[in-house]
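Input: a single structure, listed below in structure tokens.
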Amino acid sequence: MGEDVFPARQELALLLRRLTVELDAVGQRFAGLHGLGRTDVRALVAVMDAARRGEALTAGRLGAAVELSSASVTALVDRMERAGHLRRVRDSEDRRRVTLQMSPESMAAGAEFFGGLQRDLLAAMEGFSDDELAVVRRFLTGMTEVIETHARAEGEPR
């Protein structure tokens, strides 16, 4: 293991950086085509991810997910609702509670734009065994946690 361990780990860190830069470029292309900003795309992803987990996302939870004040979240949701990307929906059990949903048009636009990428990613995974994918999942989960910590850190980077 010795000396070659650090360069191998360094190469993985560089590959992660390259992956994130390329994924960001794809997201920016989608944003540009649909008149969205970076935070708008992050908001749509947060709403979509919550829906996939079977959770309702309130404006407050959206603010925490994209790190915005409640006034900024209100402006963001208002703007995205006017543009047809999000809908405010009253909770059927607690009518005082309002949750956010992606509009069908926004879901269709995302599926159309990202569908090919999703198919290609799944096809690229075909060459990996379930055990290898389990390791990759554990690796990506750990790396994402580290990146989230740095993204939300206060003050100067370490």
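The values are calculated or read from the model by the stated rules, or taken from the named source; none is laboratory data. In this text, all values refer to a predicted model and were calculated from it rather than measured experimentally. Note: ideal-geometry Cβ built from the backbone for every residue, glycine included; neighbour counts use all protein chains shown. These area figures cover heavy atoms from the full protein model, side chains too; ligands, DNA and RNA do not enter into them. Shrake-Rupley method; radii C 1.70, N 1.55, O 1.52, S 1.80 Å.
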Folded to 0 to 90 degrees: helix 130-151 orientation relative to the chain principal axis, Cα:
60
Set the Förster radius R0 to 41 Å, insert the Cβ-Cβ distance between VAL21 and ARG88 as r into 1/(1 + (r/R0)^6), and round the FRET efficiency to 0.05.
0.75
Can you give the charge dipole size of segment 49-158 about its Cα centre, rounded to the nearest 20 debye, using +1 on the beta carbon of Lys and Arg and -1 on the beta carbon of Asp and Glu?
600
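With a 1.4 Å probe and every protein chain kept in, tell me what percent of the accessible surface of the chain is carbon plus sulfur.
That share works out to 56 percent.
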Which of the trypsin sites (Lys or Arg not before Pro) across segment 1-56 are loop residues per DSSP, with 12 or fewer other Cβ within 10 Å?
ARG53
Solvent exposure of segment 42-142 as accessible area per residue, Å², 1.4 Å probe
67
So for the pair MET143, ARG97, with labels modelled 7 Å out along Cα→Cβ, what separation do we get in nm?
3.6
Only helical DSSP H runs with n ≥ 4 go in: add -39500 (n - 2.57) per run for the chain, normalise by residue count and round the 222 nm mean residue ellipticity to 500 deg cm²/dmol.
-23500 deg cm²/dmol
Given a Förster distance of 25 Å, the FRET efficiency implied by the Cβ-Cβ spacing of LEU122 and ALA13, rounded to the nearest 0.05, works out to 0.50
Using r as the Cβ-Cβ distance of GLN28 and ALA111, and R0 as 22 Å, what FRET efficiency do you calculate, to the nearest 0.05?
0.75
Please state the Cα pair-distance histogram of the chain with 10 angstrom bins from zero: what percent is in each bin?
9, 30, 34, 20, 6, 1, 0
For the chain: relative contact order, % (alpha-carbon pairs under 8 angstrom, 6 or more apart)
14
Ignoring everything but the protein chains, give the 1.4 Å probe accessible area of GLU132 in square angstrom, nearest 10.
90
Dipole of segment 11-158 [Lys/Arg +1, Asp/Glu -1 at C-beta], most positive-end residue of GLY84, PHE114, LEU36:
GLY84
Once you sort the root eigenvalues of the Cα gyration tensor of segment 82-136 as a ≥ b ≥ c, which label holds: rounded (a/c under 1.5), prolate (a/b larger than b/c) or oblate (the other case)?
oblate
Label-point gap, in nm, between THR74 and ALA51 - each point 7 angstrom along Cα→Cβ:
2.5
Can you tell me the alpha carbon radius of gyration of segment 109-157 divided by the globular rule-of-thumb value 2.2 N^0.38 Å?
1.60
